[in-house]
Structure formats: structure tokens, C-alpha cells
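One structure is given below, encoded as C-alpha cells.
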Amino acid sequence: MALDKQTTAKREFKVVGTRPLRPDGVDKVTGKALYGADLTAPGMLVGKILRSPHPHARIRSIDTSAAEAAPGVKAVITHADFTLPDDEDMRDILVNCMAFNKALYDGHAVAAVAAISEAAAKAALKLIKVDYEVLPHVTDVDEAMKPDAPVIERGRQAETVGEGFSENVTSYCEFGHGDIEAGFTRADHVIERSFKTEATHQGYIEPHACLATFTTDGKADLWCCTQGQYMVRRVCSAIMDMEASQLRVTPSEIGGGFGGKTTVFIEPVALMLAKKSGRPVKIVMSRSDVLRASGPTCSSSMDVRIGMTKDGRITAGHAKLRYQGGAFPCGTVEMGAMAAFAAYDLEAVRTQGWNAMTNRPKQAAYRAPGAPMAIYAVESVVDELCQHLGLDPLDVRLKNAAKAGTKASYGVTFTDIGLSACLAAAKAHPHYAAPLGPGQGRGVSCGFWFNFGGDTCVTLNVNMDGTVSVTEGNPDIGGSRASIGMMAAEELGVPFDKVRTQVVDTASLGYNEVTDGSRVTFAVGLATIKAAQAAKAEMCRRAAMIWGIDAEAVTWEDGCAKPSGPNAGDFPPMTLAEIAAVSSQTGGPIAGHHEVNADGAGVSFGVHLVDVEVDPETGATKVLRYTVFQDAGKAVHPDYVEGQMQGGAVQGIGWALNEEYIYGEDGRLQNAGFLDYRVPVASDLPMIDTVILEIPNPGHPYGVRGVGETSIVPPLAAIANAVSRAAGVRLTELPMSPPRILAALDAARPKAAAE
Amino acid sequence: MRFEVAASVAEAVRMLAAEPGTTRVLAGGTDVLVQLRSGLVEPDLVVDIKRIDGMREIRAEDGGFRIGAAVSGAELGEDAGVRALWPGVVEGMELIGSTQVQGRATLAGNLCNASPAADSVPAMVAADAVARVAGPAGERDVPVAQIPAGPGKTTLAKGEFIVSIFLPARPAGSADAYLRFIPRTEMDIAVCSAGVSLTIGGDGTCTAARVALGAVAPTVLLVPDAAAALIGSKLDDAALDALAAACSAAAKPIDDKRGTVAFRKKVAGVLARRAAVIAAERARG
Ligand SMILES: Cc1cc2nc3c(=O)[nH]c(=O)nc-3n(C[C@H](O)[C@H](O)[C@H](O)COP(=O)(O)OP(=O)(O)OC[C@H]3O[C@@H](n4cnc5c(N)ncnc54)[C@H](O)[C@@H]3O)c2cc1C
């Protein structure tokens, strides 16, 4: 795709950059918006899933006869109802939705029923007899990599892994350049530390829910809560062995996703129950099912070594990352290895990554998947080096910051990026100069995310009454309907309230990749602008026809077609509404389309600044003040950009301080509920302050960069650095829950006394 | 499952005693309903006691207060008399849940749910509160500390339920306080907790004290050694250190998803010490 360099130059915006009310707001605050569980169909059945209580067990047999005979039961299914697809990824998704020969984690689905009521379905689940042979299990990443670990599945190891590892290790990756050993020799000080982070869940409030119908002639309809209806169609049609056109998927409103709804967990099960029973089937996951059996992020174990000169120049960096992403191969560690040192302009850098399978649920994407942990480890070591050498942490980062022309550790050469601008803004902000009290500490961290574009398809219809309908295919998680409508209004020169943006089903538009990779405002926005440009060209042609002049002699300005060149001033301008009103006489309806595989997404950087206070007697951490600095390229709707920056910070605070998957000795998840899986509550948090920087992305007509993910990357290290400085002891394990901080303080106390 | 609304204490006792299967008294329902929905219990009979006369009243009695078994946390918190006499009990109760939960949750329900982490119980034990129990054999008074028998279990017999809780009178210069440790700031369950009730004489010496700990044993723990550390002292650092040490020593917690043994033992002492300081400030007025 060609870069739109010319349009990014200091453009004056009328709509973009303002803060209109969100178009979906009234529906949502009055309870009218329809979410995944809100649809019902005549004759609908309740679907329920039986889940394994064992972390690892061979399924010898499943006896469903009593359940099938139970009153009100219309269908019972197990893996025997499905055929394994040839494609490996599809196979893994299906096996995750319904266990085949083995249950691979606590909560793994083993059978499902559809019955006329919740009570009948529940009762039927109890009648299913599964004969398990319980096998040894492993849930810790380091344990899983040892040669003698229980093996989750044989034959999944890539050749690159090498000798000495368990077969659980499925892949190895490596990035970097330069001679790191020579770099370490040049350093005045080298620090090497090991870190661990626990798995965290995306924590969306809306549990997965879907309603499936199947007709006897093989057509199916699926209504579900997802980040991507086309992905659901692709996966489910492959699993159900049907043609994509025969399955229509309609996305509901979505109560949060954060990456966790970029795959399927219950949809193939609902479709198969609907097919077998001949009735519509609804499945709604409970919170405990969501935590046990949908995808959290990876847990990790990492070693990071960095060398620095006395004046703060990083001479070399080396990271070894070990991630587990559950019972299936998982490529997330690769993104961690690519992102780890992305913020720095380095002569010598090396990152290595291994993925291991464990008896845990199959990981799903979670905002900037893989990056937060790797960058946490790197940014912790950078902070410790600053402490050791007595250097200002922002100065050191400015000194080493990646900029336009920097060859990143993962190979690309950056174009215009906003990292130094974010660092300079943080340095100049009053937060950085504010005094700290006793027991308080301030932490800093950089963050990075690649951002993504991808397959996108938009239709823009100019209605005869002068309004505009934008049709797009990406579920609106963070206010994207507003942003996209604003870009359409901007390009067409009409007020925002003349544009309505709808997210449609898979039959209404071409393929759109899922709402992920911070891609929607960038890629769908870009396609919308291009579709608007196509509609404008058509309207100019219509005006030319009415005026009887050449189409090339008409330009579009301020929402109107105007004669230009030799004809300038010959005719009064025609507004969009005037042209639309007579479109039937000038050739029919007016529309613009754009289809693109969008690249040029433009990487994103951010810097977080946080103050905390640690209670030395209990290990409790209070977040006192928090400021996010992030490059948005161009903030289309600044409220939603700020919302993304704040939301990422809050999820990162949860990850840093309290959220974790806790497995018992028995391999069962012990905290499958929001009581003991502790996301931050409102009273835990200060107002998260935000500073938006705008360094235009040359790959987008308005300079937009995705902003959805970068904000979850810096909080882990920013808080760890603040806590470590407040407590006077370096914390290297997440979450930094009170017992962990108190133990670290107590371990350091006698030592400090003895020194 | 049958659901009944009892019109009188006698009727409730009759219903509960007659049912051969599992029964549940329904007060605020903030535990019962959660347990029903999650499938944790499948009772055969649920008896709502909220409509019984007097169940939602707070009455002054012998210089103390008798609190009906269906009085909610919000109603208790609005009672200036109880607040003045037993501020620690009120603050324990008010920590429970959210505004919505406060509109329903009761002291007796918190006690009879028998969670070792129940937030109103350490302060009630420190207050030496007494539960009035009705049953097939009539009414009896039982110290609150004797009601829980272990996690989820009470000493109440078949057909028995609590009709009121009595918070006794106390001398001038007395006050109490309750603190819990939770990793968040609300909507959480105590990792450990401490209730301290004390009386301070005219010369500033502590003349009476009771110290109770939550979430560090199967039931709330009364710690006489901790009280002894305070009595006779002027609540100086040495006395407070001794109190904390006695609490840490008495605590018999377990390692679980909410905290470690070492953490709970240490923080039980920290909280008791801080609660004692708050109670003393209140007592001195
Ligand atoms: C969102 C939420 C947050 C919560 N937060 C907290 C918290 O912070 N701290 C805390 O301690 N608890 C908490 N709870 C638990 C609960 O709210 C309290 O235990 C509450 O005090 C229970 O009172 P209730 O009247 O609702 O009891 P119910 O649910 O009605 O009953 C609880 C149990 O006691 C029995 N029972 C009730 N009344 C009597 C009686 N008079 N005689 C005999 N048996 C009786 C019932 O049969 C049942 O077994 C929370 C609950 C929720 C839903």
C-alpha cells in the first residue's frame, strides 16, 4: 500500500480530535444493548458442558446413555460427534473445545448436553459417566521444560528446539544482532536477574455466550459475543466441515474482550448440539468456566542480562524467555522475544524464546500478547542498573531510546516513532518532580507494541436524505464505531451526527480480520477514508453530469462538489445531500467501497510513571499516582484514546499486584472466581492521568496509530520498579502480592541489620 | 426445594424441626443465595425469618443493645446508640460487601455462615456478645464465640436458630475496633483480622481487654495472652509489642490461595496492635 505522505502534513481537522457522545452509549447505559446471552429463539434449548476435574487424564470411555434418557434432554455430545480437521491449528482449537483422548487441564470440556431447561441440563451432566485414568501433571513452565516432566502430547516439538528439553518444549526462536559478549566486556556494570510472572486472565465482564441454530438443509446461524465474526465463521465451518457461506455469524455487543475473544471456546459445541437436536441451542459460560477453560495469557520465567557504562549507555542486552501457553503449542513467546528490547537502540542484543506445553488452558491473546512480561524483565534490570550507577531512569532511557532509523532487535528499521517524545514529556511533567514521602517509591517503564493492519473491507452508502451509513465488520470494543464514523464525517465534510456506523454479520461484507492488534481505528479507519474518497469521486462525477462539465473539473470541498479550474464559480456548489437527493436521476445509489490488506500500522510506544507506597508491616501496596504518556499518531476521539491508556494501566496494575492463576498440588485451579482472582476495584486506584502525544503515522491518511495494546506493557515494570524502590528490595516475581512483598522485606531485614 | 416465610419464632422452629432433610434459615440471603446458585448447597427447605415480629428491631436493654436477627448492616450502621457503644462491631459489620450487600446482610447470618474470615465475628467475640437461640426446647443464651464449630458448621441443634444478638453494657472509657487485611480495598475476604475491645481507667491504665483474631484458625480465636499484655499497661510500645507477639503466637493459620502461614501470623499481630491503638483513641474520646 502506498504511504499517504502528502495528507499527513499538518492537516486541519474538523471532526477528528473532537469528543462527540458515543453512538452506542444510550443503548448500553439503558440496558437495551444486546450482548451474547441476550438473544432467545423459539424452541431454544439450554446447552451445558461437562468439564474435567483432573489436570491430566486419559479418557478411557464416556457413557452418556443415562443422560440421553433423562427427561428433557434433546442431545448429548462428546468428541465422538466431531471429526478432527486436517489443519493443525483448527485441530487444536477443536480439541480445546472438546477433549478427545485425554483431558489436558482442569476444566477441559469432555461432553455437553442440550436440554429444555437449565435444571434438566444440569441434572443430565451428573448422569454422564467418564472413566478417567489420571496421569501425572505439570503446570509450572520451568518444571514442564525438564526432560523428565510428564509430557502433554508427543510429536509437537519443532526441530529448532535442540537437545536436553522435555518434549513439552514445542518451539525455539532467536532474534538480535551484534556481539553481546564484547558488549558486556565494554560495560562498567552488568546485572543479570531471573524473573517469573503468573498467568493472568483478560477479565472481561461478559462471559462467553452464543446461540446456534442449524437447519436440516445444512445452513447454520450463530449469534455470539466475539472479537471477530469472520474468524468464528472460518474456524467453525472448518470444524463442522461446512462451506463458509452456509454459516452466518452475527456478533453481539461485546462486554470486553482484550484479546480473549479472538478464538472460540463454546461455539462449535453449540453448533453440534443444535445440529444433533435440531433445535436452537444457547450456551453461556459461568465465571468459573471462563477462568478455568477460556484462555488466559502465558505465564513466564525469564533471565535478563544487561550491561551499562557509568554514563548510562547500554552496551549489550540478552534475554532468555520461557513461556507456557497451556496444553497446546503457542507462539506468544516469539512476540515477547521480538518486543523485549524494542525500546532501545542497541549495538549488541540477543533474545531467545522457548514455549512449553503444560496442563493449563490454551492461552488466548491478551493485549500486546507476550510483550508485557518480557519488557517487565528488561525494564526491571535497566532500573536496577540506574539505581546501582546513580543515574536518572528517564535520562538513561532517553540516552538509549530507539528512534527513526534505529535497527530494532527484531530486525526492522523504525520510521517515525514517538518514544523520545514520550520520555521527554514524562521528564517535563510535574508528576516526575513531585516530592515522595517515606515508604514511597517512583517507577518508570517504557512499553512497545507492533500494531497490526490486516484484511479489511468497508462499504459506505450515501443515503438519499443526505445521511451516510458505514458498514464495517469489526466488533466495537473500545468506541470504534464513533471513531470510524468520525473519520467518514471528516473525509466527506459532513457533521458526525449524519453518519451511522454499523457492525454487520459475515454475510453482509467481505472478510475482516478480528478486532485485535490495535488494528481497527487504523485499518478500518483507513478503509473508511478510502471508501469515502470513492464516494466523493462518484459524487463529483454526478455533479459534473448535472452541470454538463468534465468530472475532472469538479472538486470536493467542505462537504460539497464545486466546479473548479476553468469552470470555477460557474455553478453554485452542490452539497452531499443535494447530490444524494437526485441520485436516482443521475445513475442510481451512491456508495464507496474499500478492500485492503492494510500494512503500515506504525509501531507504538508509551512511557508510564507511577508512585506507590508500601506498608512495611503488611506488604500492601497502594498506588498513589499514575501518569501514562503514549503516542497515538492522531487521536481521533481523544476520550477513547485516554480510555485505552487508562484501561491498559489498570489491567497492568492488576497483573503487577494481585492477579494470578493459582494451581494447587492437585493441578486444579483454586481461584476460579472474581473473589480470589483479584482484578483491581475502583477504590484501589487513583485517577489515571494521561498525556497523548501525536507523532503522525506515515502509513495512515490521518496519521493514526493503534493505541489499544501498548498501555498494558509498561505497568508491570513501572510498578515493580516503584515497589522495589519503596521497599528497598528488588522484587522479581509477579504478582507482587502482599505475602510476597512481606516475605521479601523480611528476608532483607536481618541482612540490612547485619550490614 | 420448598420456600416458607415464617410468621413467628414458634412457627419457624416448627418448620425447621419438622423437615427431615437439609434446611437453611434465610436472613439477608447474601450467603445462602450465592451458595444456592453455585450449587454448593441444595437445601430441601428454606425458611425466611425476616417477617417475624421484632426480627428487624434494635432495642436498648440493660445498658446494652439487643439486635434482631434480620437487622441489616446498613440499619445497624445508622443506629447512633450502637455506634457509640460498640463502634468496632459496627465497623466490622459495615466492612461486609458493598452498599447493596449492606442492605441485606445480617450479624446473625455472618455468624451462622461460620466462615473463619467472617468480618463481624472477631469484634462480636471481643465484645463478649451473646446470641439468643430459639429451638424446640425453648430459648437459650449462648456466647457468640460458641456458635461457630468450624468452617461452615455451627453448634446449633436441629430446629434452632438465632433470634437476636445482645451487645452488653460497658463502663465509661471503653471502646473497640476491628481491622482486617485484604489485598484490595473492598469487595474482598479477610486474609486475617483482629478485633480489640478495651477499657481505659482514669489514670490511662488499661483495666479490661479482649482480643479476638479472624481467619487464622477454624473458628475465631480469643487470645487471652494478648489481652493480658494490655491489661495493667498504659498501652506503651512494650505492651503493644507483647500484644502483637501473643497474637502471632496464638494464630494457627493455614497456607492457602489467600495467604501464607508466615504472612497471617505476622499480620495478625500487626492488625491487633493497630486495632488496639484505634480502640484506645476511641476510649479516651
Ligand atoms: C458480594 C458479597 C460480598 C461479601 N463480603 C463479605 C465481607 O466482606 N465480609 C464477610 O464477612 N462476609 C461477606 N459476604 C458474606 C455475607 O454477606 C455475610 O456473611 C453476611 O453477613 C451474611 O448475612 P445474611 O443475613 O445475608 O445471611 P444469609 O445468607 O441469610 O445466611 C447465612 C447463613 O447463616 C444462616 N443463618 C442466617 N440467619 C440465621 C439465624 N438467625 N439463625 C441461624 N442461622 C442463620 C443461613 O442458613 C446460612 O447458612 C459477602 C457476600 C457477598 C455476596
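Evaluation of B:V34 against the conditions (1) touching a residue at least 12 places away in the same chain (Cβ under 8 Å); (2) among the hydrophobic types (A, V, I, L, M, F, W, C); (3) not in a strand (DSSP E or B) shows that the sole unmet condition is (1).
Answer yes or no as to whether B:S115 is within 14 Å of the ligand (Cβ to nearest atom) and more than 14 Å from chain A (Cβ to nearest Cβ). No: the conditions fail for B:S115. Taking each residue of the stretch B:106-130 that is open to solvent by 10 Å² or more (accessible area, probe 1.4 Å) and looking for partners that are near the ligand (Cβ under 7 Å from one of its atoms) and of a type in the set (D, E) with beta-carbon atoms closer than 9 Å, six or more apart or interchain, yields B:G109/B:D31; B:N110/B:D31; B:N110/B:D119; B:C112/B:D31; B:N113/B:D31; B:S115/B:D31.
Please specify each residue of the stretch B:232-244 satisfying the condition of being of a type in the set (A, V, I, L, M) and either closer than 22 Å to B:I147 by Cβ or surrounded by fewer than 16 Cβ atoms within 10 Å (Cβ to Cβ) (or both).
Once the filter is applied, which keeps residues that are of a type in the set (A, V, I, L, M) and either closer than 22 Å to B:I147 by Cβ or surrounded by fewer than 16 Cβ atoms within 10 Å (Cβ to Cβ) (or both), the stretch B:232-244 yields only B:A238.
Counting only strands (runs of 3 or more DSSP E) wholly contained in the stretch A:547-644, no element carries 2 or more residues that are more than 14 Å from chain B (Cβ to nearest Cβ), of a type in the set (F, W, Y) and within 20 Å of the chain's Cα centre (by Cα).
Taking first residues from the stretch A:342-354 that are closer than 14 Å to A:E174 by Cα and partners that are crowded, with 21+ Cβ neighbours inside 10 Å and of a type in the set (D, E, K, R), the Cβ contacts under 8 Å between residues at least 6 apart in sequence or on separate chains come to A:G353/A:R322; A:G353/A:E334; A:W354/A:R322. A single entry from A:Q630, A:Q651 fulfils the requirement of being buried (at least 19 other Cβ atoms within 10 Å of the Cβ), on the phi < 0 side of the Ramachandran plot and out of contact with any strand residue (DSSP E or B) (no Cβ under 9 Å at 6 or more places or on another chain): A:Q651. Scan the stretch B:186-198 and tell me whether some residue there is open to solvent by 40 Å² or more (accessible area, probe 1.4 Å), assigned to a loop (DSSP other than H, G, I, E, B) and closer than 15 Å to B:V125 by Cβ. No, the stretch B:186-198 has no match at all.
So that you can scan it fast, the table gives a plain yes or no per residue for (1) under 22 Å from the mean Cα position of the chain (by Cα); (2) more than 26 Å from A:C386 (Cβ to Cβ); (3) within 14 Å of chain B (Cβ to nearest Cβ):
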position	(1), (2), (3)
A:G706	yes, yes, no
A:N721	no, no, no
A:A726	no, no, no
A:I741	no, no, yes
A:R749	no, no, yes
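A residue that is more than 13 Å from the ligand (Cβ to nearest atom), surrounded by 18 or more Cβ atoms within 10 Å (Cβ to Cβ) and either of a type in the set (A, V, I, L, M, F, W, C) or more than 14 Å from every other protein chain (Cβ to nearest Cβ) (or both) occurs nowhere in the stretch B:22-40. Which residue is nearest to the ligand (Cβ to nearest atom), if the candidates are limited to the stretch B:205-219 and must be over 30 Å from A:Y677 (Cβ atoms) and open to solvent by 20 Å² or more (accessible area, probe 1.4 Å)? The selected residue is B:R210. In the stretch B:250-264, the condition of being within 16 Å of the ligand (Cβ to nearest atom), more than 20 Å from the chain's Cα centre (by Cα) and open to solvent by less than 10 Å² (accessible area, probe 1.4 Å) is met by at least one residue. In the stretch B:159-191, of all residues being touching a Lys or Arg at 6+ places or on another chain (Cβ under 6 Å) and within 16 Å of B:L111 (Cα to Cα), the one that is nearest to the other protein chains (Cβ to nearest Cβ) corresponds to B:A190. Can you pull out the residues in the stretch A:657-701 that are outside any loop (DSSP other than H, G, I, E, B), within 14 Å of chain B (Cβ to nearest Cβ) and of a type in the set (D, E)? The answer is A:D684, and nothing else.
All conditions but one from (1) without any contact (Cβ under 8 Å) to a residue 24 or more places away in the chain; (2) open to solvent by less than 30 Å² (accessible area, probe 1.4 Å) apply to A:H56; the one that does not is (1).
Do we have A:L716 as open to solvent by less than 10 Å² (accessible area, probe 1.4 Å) and within 14 Å of chain B (Cβ to nearest Cβ) here? It is false that A:L716 is open to solvent by less than 10 Å² (accessible area, probe 1.4 Å) and within 14 Å of chain B (Cβ to nearest Cβ).
Can you confirm whether B:E160 is in the same structural domain as B:G232 (by TED's automatic domain parsing), over 14 Å from the mean Cα position of the chain (by Cα) and near the ligand (Cβ under 9 Å from one of its atoms)? No: the conditions fail for B:E160. Scoring B:A134 on the criteria (1) without any contact (Cβ under 8 Å) to a residue 60 or more places away in the chain; (2) open to solvent by less than 10 Å² (accessible area, probe 1.4 Å) leaves a single failure, condition (1).
Any residue at all in the stretch A:471-490 that is crowded, with 17+ Cβ neighbours inside 10 Å, under 30 Å from A:A537 (Cβ atoms), in contact with a His (Cβ under 9 Å, 6 or more places away or on another chain) and of a type in the set (V, I, T)? No - not one qualifying residue is present in the stretch A:471-490. Taken over the stretch B:41-76, the criterion of being away from the ligand (no atom under 11 Å from the Cβ), assigned to a loop (DSSP other than H, G, I, E, B) and of a type outside the set (D, E, K, R) is satisfied by B:G54, B:G63. Within the stretch A:437-452, the set of residues being open to solvent by less than 30 Å² (accessible area, probe 1.4 Å) and either polar (S, T, N, Q) or modelled with pLDDT under 95 (or both) comprises A:S445, A:N451. Applying the criterion of being of a type in the set (D, E, K, R) and open to solvent by less than 60 Å² (accessible area, probe 1.4 Å) to the residues of the stretch A:542-571, the residue that is farthest from A:G587 (Cα to Cα) is A:K562. Would you say B:E139 is touching a Pro at 6+ places or on another chain (Cβ under 8 Å) and farther than 14 Å from B:P122 by Cβ? For B:E139, the condition - touching a Pro at 6+ places or on another chain (Cβ under 8 Å) and farther than 14 Å from B:P122 by Cβ - is not met. Quick one: would you say B:P171 is part of a loop (DSSP other than H, G, I, E, B), in contact (Cβ under 8 Å) with a residue 24 or more places away in the chain and either among the acidic types (D, E) or surrounded by fewer than 22 Cβ atoms within 10 Å (Cβ to Cβ) (or both)? Taking the combined requirement at face value, the residue satisfies it. Annotation: of all residues in the stretch B:77-105 being within 7 Å of the ligand (Cβ to nearest atom) and away from chain A (no Cβ under 14 Å), the one that is most open to solvent (accessible area, probe 1.4 Å) is B:R104.
The values are calculated or read from the model by the stated rules, or taken from the named source; none is laboratory data. If you're wondering where the values come from, they're calculated on a predicted model, not measured in any experiment. Neighbour counts are summed over all protein chains in view; Cβ atoms, including those assigned to glycine, are modelled from backbone coordinates with ideal geometry. Protein only, heavy atoms only, side chains kept; ligands, DNA and RNA dropped before computing areas. Shrake-Rupley method; radii C 1.70, N 1.55, O 1.52, S 1.80 Å.
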